[in-house]
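In what follows, a single structure is set out as structure tokens and then discussed.
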Amino acid sequence: MPKTHLDRTGWVHDLNFRTNSVRQYLHTKIQAARSFIYQLGHAVAGARVDGLLKSTSSVPTLNSFCEQLGQLGKEFNVSQMMVVDLLHEFELGVWKALFIHLIRILHAASERPGILVDILNTRFRQVPTFGRFTIRRFHNNVSDMKKLAARDFEDILQCSIPIFEGLLPEPFNRMLLRLLYKAAEWHALAKLRMHTESTLDLLEAVTKDFGRLMRQFRDKTSETFETVELPRETGT
């Protein structure tokens, strides 16, 4: 999936592309790359090896499952048995990137420098704990995102709707609350330990809604708010 197409999440074309272009274990290319490295002495990051593997982000490592299955392993798509890494793909990926951009928007929307971000941090510190380890107390400024683990970003997502409510003017406030709700709903569905046909259908529908709301929020806010990188991103 090219990075330029990532904003098409939820489109019918995007769903078809992901279904028909599932990642494959490229046994022949990996064996050829290993021959270049171990028999012909080419560098692992050399042009010959990159020419075979770089376009698919593959590495010259044999897969134990495929090797043990012998001839059948050459036809077995090991990618289908792997679960999605939600921790890195969503909690530390999509959601973290969205949260960072929301902080940028709050800076851009503030009449006084940093006032909306200060309100955000104050609200997070007022969130009580829930359960034994479900929602932990936010002690530091959440906007600084210092020493946060994936579970902390999960907590931030689960508490974000009342925290962000009213910080942006309308219609952006309403758009943001809908987006945050869909993000939390998608995350909850994706982390189910057991799925049924109905939950999978719901997850597909929520994915379409989430992608649509992301594009809508991007297009509308980019016309109004001039965002810049945060100081923590620029190292200043």
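The values are calculated or read from the model by the stated rules, or taken from the named source; none is laboratory data. Computed from a predicted structure; not experimentally measured. Heads up, the Cβs are rebuilt from the backbone with ideal geometry, glycines too, and the neighbour counts pull from every protein chain shown.
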(message) The conditions are (1) part of a helix (DSSP H, G or I); (2) more than 28 Å from the chain's Cα centre (by Cα); (3) farther than 30 Å from GLU204 by Cβ, and LEU40 fails exactly one of them. Which is it?
(response) (1)
(request) State which residue is modelled with the lowest pLDDT when the search covers only segment 47-70 and only residues that are among the small types (Gly, Ala, Ser), in a loop (DSSP other than H, G, I, E, B) and surrounded by fewer than 13 Cβ atoms within 10 Å (Cβ to Cβ). (result) GLY70
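Conditions (1) surrounded by 15 or more Cβ atoms within 10 Å (Cβ to Cβ); (2) assigned to a helix (DSSP H, G or I); (3) touching a Pro at 6+ places or on another chain (Cβ under 8 Å), marked per residue:
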| site | (1), (2), (3) |
| --- | --- |
| VAL84 | no, no, no |
| GLU89 | no, yes, no |
| LYS96 | yes, yes, no |
| PHE99 | yes, yes, no |
| LEU102 | yes, yes, no |
| ILE105 | yes, yes, no |
| PRO113 | no, no, no |
| ILE119 | yes, yes, no |
| ARG123 | yes, yes, yes |
(request) Taking only segment 125-140 into account, find how many residues are charged (D, E, K, R) and exposed (fewer than 11 other Cβ atoms within 10 Å of the Cβ). (result) 1
(request) Return only the number of the condition from (1) closer than 30 Å to PHE210 by Cβ; (2) exposed (fewer than 13 other Cβ atoms within 10 Å of the Cβ); (3) among the basic types (Lys, Arg) that ARG23 does not satisfy. (result) (2)
(message) From the list LEU213, LEU180, LEU168, exactly one residue is surrounded by 17 or more Cβ atoms within 10 Å (Cβ to Cβ) and within 18 Å of SER110 (Cβ to Cβ). Which is it?
(response) LEU168
(request) Considering only residues that are of a type in the set (A, V, I, L, M) and outside any loop (DSSP other than H, G, I, E, B), look in segment 206-236 and name the one that is nearest to the chain's Cα centre (by Cα). (result) MET214
